[in-house]
Amino acid sequence: MNKNIWRAFLVVCAFAASIVCSVPARAQMSEVKEKAPMYSYVSDWTIPRTQWAEMEKNNAADQPILSKALAAGTLVAYGDDASLVHQPEEATHDDWWSSMSLAGLLNVLDQFYKSGNAVSPVLSSATRHSDSIFVSRYYNWHSGSFKGAYTHVSEYKFKADAPEDGLALLSKNFIVPMFEKLLADGTLHEYEIDTEAIHTQSPNSFWIVYVTSSAEGMDKVNAALEAALKSSPFAGPTFGSMVDFSVHRDQLLRTNATFK
């Protein structure tokens, strides 16, 4: 994803949000609403290149636990990712699962520990490992299983003096409506806007995530952003005053995922 496009996109978001705030309540009736919280457990692994094939086998070995939890309604989604833009000592792989409760996440984690999958040889070969628990109130997906999809993750951090409802304003008034159109036309399989439920990073951080079936889908997302910028009358430094772009980072991942 072109960084400048996302930066300009978020500037537009902020200006749109500031305008919406001044619109009478009746005119905001179609505004996107928060959904019930969806929680996601993500395990990041830095795996030696010689073990990448073994990591694929390990992911396959996880399937019985995950698919059973999905069928039982404990989970709403699960998957695994491999990084396509590698950085020194950063994660090369991850696996994740999502639930409508923290209990659902942790019960599945407990199953992995009891089964021994969490200490498999390939995971034990990792040179670095970290876990995160995220929560999203803005998300949607198409049901089904998808192999070899692409996931784009953008991480941002609000400045200390940013509005407390900044994420809600951005999500409701620009990000979600645009992503819903892309979901409806089949460009996206899934999207979510995350914050951490268990804070291991700055509480001001948030993540914009989308999954598309092909590389061409990423071009379509870029085109949608460019079209939104051209059609919007808003411009200026509003979002730049809210977000610390010096810590902005992107990830591009190859994804296998199943959504209920």
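Identify the residue in the range 168-179 that is under 15 Å from the mean Cα position of the chain (by Cα) and at pLDDT 90 or above and, among all such residues, is surrounded by the most Cβ atoms within 10 Å (Cβ to Cβ).
It comes out as Phe179.
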Please give the number of the condition Ser136 fails out of (1) touching a residue at least 60 places away in the same chain (Cβ under 8 Å); (2) loosely packed, with under 15 Cβ neighbours inside 10 Å. (2)
Being at pLDDT 95 or above, buried (at least 20 other Cβ atoms within 10 Å of the Cβ) and not β-branched (Val, Ile, Thr) is true for just one of Ala71, Ala53, Ala77. Which residue is that? Ala77
Pick from Ser241, Ser154: which is touching a residue at least 24 places away in the same chain (Cβ under 8 Å) and not in a helix (DSSP H, G or I)? Ser154
Considering only residues that are of a type in the set (Val, Ile, Thr) and either under 17 Å from Ser214 (Cβ atoms) or surrounded by 23 or more Cβ atoms within 10 Å (Cβ to Cβ) (or both), which ones fall in the range 180-194? Thr187
Flag for Ser136 being assigned to a strand (DSSP E or B), over 16 Å from the mean Cα position of the chain (by Cα), modelled with pLDDT of 95 or more and closer than 22 Å to Ser40 by Cβ: no
So which of Glu226, Glu164 is surrounded by fewer than 18 Cβ atoms within 10 Å (Cβ to Cβ), at negative phi and assigned to a loop (DSSP other than H, G, I, E, B)? Glu164
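The values are calculated or read from the model by the stated rules, or taken from the named source; none is laboratory data. Quantities reported herein were computed from a predicted structural model and do not represent experimental measurements. FYI the Cβ positions are ideal-geometry reconstructions off the backbone, even for glycines, and counts take in every protein chain you see.
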